[in-house]
Amino acid sequence: MKKITKIIVGISILLLLPLTVLAGCGNSGKTIKIGIMGGDKRIWQPIAQDLKKKNINLQLVSFSDYSQPNAALQNHEVDLNSFQHEAFLDNWNKAHQSNIVSIGKTFFSPLALYSTKVKNIQGLKKRCIHFTTK
């Protein structure tokens, strides 16, 4: 159990530490299932390919609905997930009487804005939302 814990923690902070942290975790050939949102594959596929070279098989499990990854984690269908901020996790736990905990930081995908009234970004009132564009 100690080896799998090291692997899970290593993957969770993967974007903050070098990938070599995971190479020393042992457990050759172990498959780790990580729940991600569909658009995050472009971030996680290169990581999965690099981990494969280190005998760690990272299986990406894509979801299209934000309630699915936590449910899958709670039902032991995935080993960890990577998609949410702490407020979302807190609300999920409260609504589902769950105790899922954060074990590290992850990539957080931006979301799109949709409107039937506002036609472009300049049409937003400054007091409504604060964001930056490139």
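The values are calculated or read from the model by the stated rules, or taken from the named source; none is laboratory data. The model shown is predicted, which means the values in this text are computed figures rather than measured ones. Quick note on the areas: whole protein, heavy atoms, side chains included, nothing else; ligands and nucleic acids left out. Shrake-Rupley method; radii C 1.70, N 1.55, O 1.52, S 1.80 Å.
Could you list, in sequence order, the residues of region 37-73 that are under 30 Å from Ala95 (Cα atoms), assigned to a helix (DSSP H, G or I), open to solvent by less than 60 Å² (accessible area, probe 1.4 Å) and at pLDDT 90 or above?
If the condition is that a residue be under 30 Å from Ala95 (Cα atoms), assigned to a helix (DSSP H, G or I), open to solvent by less than 60 Å² (accessible area, probe 1.4 Å) and at pLDDT 90 or above, then Pro69, Asn70, Ala71, Ala72, Leu73 are the ones that fit.
For Leu22, state whether it is of a type in the set (A, V, I, L, M) and at pLDDT 85 or above.
No.
Can you name the residue in region 76-134 that is aliphatic (A, V, I, L, M) and open to solvent by 60 Å² or more (accessible area, probe 1.4 Å) and, of all such residues, is modelled with the highest pLDDT? It would help to see each step written out before you state the result.
Of region 76-134, the ones aliphatic (A, V, I, L, M) are 78, 80, 87, 89, 95, 100-101, 103, 111-113, 118, 121, 124, 129.
Filter once more, keeping what is open to solvent by 60 Å² or more (accessible area, probe 1.4 Å): 95, 101, 103, 111-113, 121, 129.
Numbers: Ala95: 95, Val101: 89, Ile103: 86, Leu111: 65, Ala112: 71, Leu113: 72, Ile121: 78, Ile129: 48.
Restricting to residues being aliphatic (A, V, I, L, M) and open to solvent by 60 Å² or more (accessible area, probe 1.4 Å), the top hit is Ala95.
For region 25-36, name all the residues that are at pLDDT below 90 and either open to solvent by 20 Å² or more (accessible area, probe 1.4 Å) or of a type in the set (Phe, Trp, Tyr) (or both).
Residues satisfying the conditions are Gly26, Asn27, Ser28, Gly29, Lys30.
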